[in-house]
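Trainee: Have a look at this one.
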Amino acid sequence: MAEPASDPTYTITELAREFNLTTRAIRFYEDQGLLSPGRIGRNRVYGRADHTRLKLIQRGKRLGFSLQETRTLFDLYDAAKDERPQLVRLLEYLRPKREALEQQRADIDAILAEMDQLEHECEAILRD
């Protein structure tokens, strides 16, 4: 009978390369309690959960989440028997960020429209 496949492990250097981060950033996430690698001697060994969390940290950064917000979501996930509390909190975090981005998009559209108008006015003056 074949042995069950063990979960993959990663070194800090492998994760840094894969996620385009510095090893210092990964250690910072560890210090913040977002990652919890094991140790083999003095070397950190990251498992599948840390790999997934690092992916989620990166996604959270892209979405504008603070590290505290990300930590709260991780804590809810770790403590919950179901994912409902985590999903409710995620929606609470997403809504204002979406509203802010939509406002920024409206502001950008207004600025672009004003630029278009100025360009047309300048071109009209230069044609005369």
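Trainee: May I ask you to list pairs of residues, at least six apart or on different chains, whose Cβ atoms are under 9 Å apart, with the first in the range 67-78 being touching a residue at least 60 places away in the same chain (Cβ under 8 Å) and the second being of a type in the set (Asp, Glu) and exposed (fewer than 15 other Cβ atoms within 10 Å of the Cβ)?
Mentor: none
Trainee: Now for a separate question. Determine whether LEU118 is assigned to a helix (DSSP H, G or I), outside the structural domain of SER6 (by TED's automatic domain parsing) and either among the aliphatic types (A, V, I, L, M) or more than 21 Å from PRO8 (Cβ to Cβ) (or both).
Mentor: yes
Trainee: Looking at (1) part of a strand (DSSP E or B); (2) surrounded by 15 or more Cβ atoms within 10 Å (Cβ to Cβ); (3) of a type in the set (A, V, I, L, M), find the lone condition where LEU76 falls short.
Mentor: Single failed check for LEU76: (1).
Trainee: Quick one: is THR22 in the same structural domain as SER6 (by TED's automatic domain parsing), at pLDDT 95 or above, polar (S, T, N, Q) and on the phi < 0 side of the Ramachandran plot?
Mentor: Answer is yes for this residue.
Trainee: Taking the condition in contact (Cβ under 8 Å) with a residue 40 or more places away in the chain and not in a helix (DSSP H, G or I), does LEU21 pass?
Mentor: No.
Trainee: Among (1) within 15 Å of GLY60 (Cβ to Cβ); (2) surrounded by fewer than 10 Cβ atoms within 10 Å (Cβ to Cβ); (3) aliphatic (A, V, I, L, M), where does LEU90 come up short?
Mentor: Of everything listed in (1) within 15 Å of GLY60 (Cβ to Cβ); (2) surrounded by fewer than 10 Cβ atoms within 10 Å (Cβ to Cβ); (3) aliphatic (A, V, I, L, M), LEU90 misses just condition (2).
Trainee: From the set of residues in the range 18-68 that are of a type in the set (Gly, Ala, Ser) and over 20 Å from GLU92 (Cα atoms), which is surrounded by the most Cβ atoms within 10 Å (Cβ to Cβ)?
Mentor: Filtering the range 18-68 down to residues of a type in the set (Gly, Ala, Ser) leaves 25, 33, 36, 38, 41, 47, 49, 60, 64, 66.
After this cut, where a residue has to be over 20 Å from GLU92 (Cα atoms) as well, the list is 25, 33, 36, 38, 41, 47, 49.
On the way: ALA25: 15, GLY33: 11, SER36: 12, GLY38: 11, GLY41: 5, GLY47: 17, ALA49: 13.
The qualifying residue surrounded by the most Cβ atoms within 10 Å (Cβ to Cβ) is GLY47.
The values are calculated or read from the model by the stated rules, or taken from the named source; none is laboratory data. As the structure is a computational prediction, the values presented were derived from the model and not from experiment. Quick reminder, even Gly has a Cβ in these numbers, built from the backbone with ideal geometry, and neighbours come from all protein chains shown.
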